[in-house]
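Here's the structure we're looking at; comments come further down.
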Amino acid sequence: MTTTVKLSAVLAFAGMLFSIGLATPVFSEPAASEGQSYGINVPAQFLGDALTELGRQTGKQISVNSDLLKGLKADALSGEMTVEAALDALLQGTGLQYEFSGEDTVVIMAPKRSNHGAGVIQLDDL
């Protein structure tokens, strides 16, 4: 019973501090899209149209240089998933990447180039 009284006293004291503004609760909130699932239903179509539809269904602004999308098609995508999972599926096999530039803004881009291995040619054994 002593533990209950001590815990009650601590909780009452903490409540008093919060009520008079001497203490502020701190909560760590994830980004709005982080882990949030959406009901996605994007038919098979050109990738640019599929990305536009994904943005409409999730409320995200998806930006991309249209030159990167020429001739690229996306398979149908349907189900409950995060924006990240949907983007991974739509961009699979295209070589394109994405990154969030804000809470609700996604930028699609070409792969970042690296100088690692530049100018190196692997020859077959003789």
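Note on the stretch 40-78: residues that are in a strand (DSSP E or B), touching a Ser or Thr at 6+ places or on another chain (Cβ under 9 Å) and not aliphatic (A, V, I, L, M) total 3. Checking the structure you have, find out if any residue of the stretch 3-22 is at pLDDT 95 or above and among the basic types (Lys, Arg). Scanning the stretch 3-22 turns up no residue that is at pLDDT 95 or above and among the basic types (Lys, Arg).
The values are calculated or read from the model by the stated rules, or taken from the named source; none is laboratory data. Please read all numbers here as calculations on a predicted model, not as lab measurements. Note that each Cβ is placed from the backbone with ideal geometry, even for glycine, and that neighbours are counted across all protein chains shown.
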